[in-house]
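Below is one structure, written out as structure tokens, with a few remarks after it.
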Amino acid sequence: MRYISTRGRAPVLDFEAATLAGLASDGGLYVPESWPRFTHAEIAAMAGLSYVEVAVRVCRPFTGDCLDEAALREIFTTAYGRFAHAAVAPLKQLDHRHLLLELFHGPTLAFKDIALQSLGLVFERFLARSGQHITVIGATSGDTGSAAIDALAGRAGVEVYMLHPHNRVSPVQRAQMTSVLAPNIHNIAITGNFDDAQALVKAMFNDAAFSGRFNLGAVNSINWARLMFQVVYYFTSALALGAPHRAIAYAVPTGNFGDVFAGYVAAQMGLPIERLIVATNENDILHRALSVGDYSAGAVAPTDSPSMDIQVSSNFERLLFDLAGRDGAALSARMAEFEATKRMAIPDDQRESATKLFTSARIDAAEMADTMRWAQTHTGEILDPHTAIGLAAARRDTGTAPMVTLATAHPAKFPAAVSAACSIEPALPARLADLMSRPERFDVEPAQLQAIEAYIAARAAPR
Ligand SMILES: *Cc1c(COP(=O)(O)O)cnc(C)c1O
């Protein structure tokens, strides 16, 4: 499989190079040259397989000569062996129609572990093979950072610089990042919001001299491999519920459009997905884009679901690329205009083609809290705020297909919001019980490109 940029001017790469590059050199995102497609029989044959075996089959078409079946199996066995649930991503039934897909049984209690535990092992393997050294830079609204840091701490050949918005991640999220004292991990708290952090990371990639000097790599969901690993749980959950013989609907709490784009990929690969509900909080750019074609970024409003406090959803570009007929030059011009004006109108025909699969909902703070209380009272489940936004959107849906809400974080990651809504203090699992008393290490820096580049240059090894 070869990978092309959504903006049409970056070199075509294989899986290994696309994984190590992260962002394409023309500012675009790498996508597979075409979507591999399973037959109905091939999907049916996956029923009953373990998570690891489904992962091997789903990912194999994407990795070409870079990772063979045995390598994938070894990676997934190690990565998912660290999870606290033998099913890796178990389903939990809430009522006759609704289910939760629990994606938070990994080391840092959010779904991002599923992709990043595997990505860490893939990085190490590729770097050892080529003798390269990589400097991973990332922006996090909390969960990506902790998951990436856990996955990359102590890995040979990798140095990590993680930017998070100072005082805008939960104390648990912060401690999960800053209590990792491995010498290859550097936490930078920037005085700004998540979009500022993400813009800084993009700017460092676009600074060719800097990016080349330190061999920058990305672990944000702009990295194609992450999305690939996330496609897997759409398959395992749909298979458990009767796919390919019946269609399944999903509600996905969304920020950067990564997790829900993985659902789109699963559908392109032949999985019968009836609907993907894009659930946003008050930061509703995706809801406006899909419902009225208004993709325009406002100011980020801080909410109780901070991992979705995003106005510019990077991965939406991957969908726009497909919607506009995979014309990189045309998309490049539209994205340049969006970057300048912060607004883009989605043409009606493209929006209508998207809404054949995607619907959307904007869930405010009150509806989120009501949904947390509904789940507590009627099902005994304590939900984290992100999952509650997904479930609220799912419960508005009037269809009949089994409805799976992606449970993206453990409630103990967001104890303040949970106790405000449910009057319960969710406990951290035993393996993290002492987290809040671990020593922390991080530096506070202004949200300025020069300052961050200087910080990294003073510490990182040039290539
Ligand atoms: C990252 C995250 C999301 C949003 O996922 P995207 O891939 O950015 O859409 C939702 N919930 C939680 C808990 C997250 O950590």
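The values are calculated or read from the model by the stated rules, or taken from the named source; none is laboratory data. Keep in mind it's a predicted model, so treat the numbers as computed, not measured. With ideal geometry, Cβ positions are generated from the backbone for all residues, glycine too; neighbour counts draw on all protein chains shown. Note: areas computed on protein heavy atoms with side chains; ligands, DNA, RNA excluded. Shrake-Rupley method; radii C 1.70, N 1.55, O 1.52, S 1.80 Å.
Tabulated data
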item	result
The chain: projected area of the alpha-carbon convex hull, averaged over directions, in nm²	19.4
Long-range amide H partners of ILE277 with built H, under 5 Å	TYR250, ALA251, VAL252, THR359
Full-stretch length increase - ARG60, ASP294 - with 0.36 nm per residue and alpha-carbon distance subtracted	80.6 nm
Within the accessible area of the range 130-215 (1.4 Å probe), percent carbon and sulfur	51
Per residue, in Å², the accessible surface of the range 33-73 once ligands and nucleic acids are set aside, probe 1.4 Å	48
Extension gain from ALA454 to ASP364, taking 0.36 nm per residue of separation minus the Cα-Cα distance	28.4 nm
For the range 200-348, convex hull of alpha carbons as volume per residue, Å³	135
Relative contact order %, the range 265-352, counting alpha carbon pairs below 8 Å whose residues are six or more apart	30
Part-to-part distance (alpha-carbon centres) for the range 280-346 and the range 421-446, which is given in Å	32
log₁₀ of I(q)/I(0) at q = 0.22 Å⁻¹ - the range 134-257, Debye sum with one point per alpha carbon	-1.28
Rounded Å value of the spacing that divides the Cα centres of the range 353-407 and the range 197-268	21
Mean shadow area of the range 361-459, taken as a quarter of the surface of its Cα convex hull (nm²)	10.3
Amide H partners (placed H, <5 Å) of GLY217, local residues excluded	THR135, VAL136, ILE137
Ratio of the Cα radius of gyration of the range 237-285 to 2.2 N^0.38 Å, where N counts its residues	1.21
Rg/Rh (Cα only; Kirkwood hydrodynamic radius) as it applies to the range 271-428	1.02
Length added when fully stretched, ARG441-GLU337, from 0.36 nm per residue minus Cα-Cα	33.5 nm
Cα shape, the range 99-176, gyration tensor, a/c 1.5 rule	oblate
Global form of the range 170-236, assessed from the alpha-carbon gyration tensor, a/c cut-off 1.5	oblate
Sulfur and carbon atoms: percent of accessible area, the range 274-350 [1.4 Å]	53
Distance-filtered residues of the range 282-305 - backbone nitrogen under 12 Å, label point 7 angstrom along ALA345 Cα→Cβ	293-295
Inverse mean reciprocal Cα-Cα distance (Kirkwood Rh) of the range 12-98, Å	15.5
Per-pair calculated FRET efficiency, R0 = 30 Å: ASP14 and GLN93 via Cβ, rounded to 0.05	0.15
Residue-averaged [θ]222 nm for the chain, counting only DSSP H segments that reach four residues, each worth -39500 (n - 2.57)	-13000 deg cm²/dmol
Net dipole in debye of the range 50-151 [+1 Lys, Arg Cβ; -1 Asp, Glu Cβ; about Cα centre; nearest 20]	80
With every protein chain in place, the range 1-120: carbon and sulfur % of accessible area (1.4 Å)	52
Burial order of peptide ranges 405-411, 94-100 (average beta-carbon count within 10 Å, highest first)	405-411, 94-100
Derived scalar couplings ³J(HN,Hα) [the range 244-255; Karplus, 6.51 cos²θ - 1.76 cosθ + 1.60; whole Hz; x for Gly, Pro]	x, 7, 9, 8, 10, 10, 10, 10, 10, x, 10, x
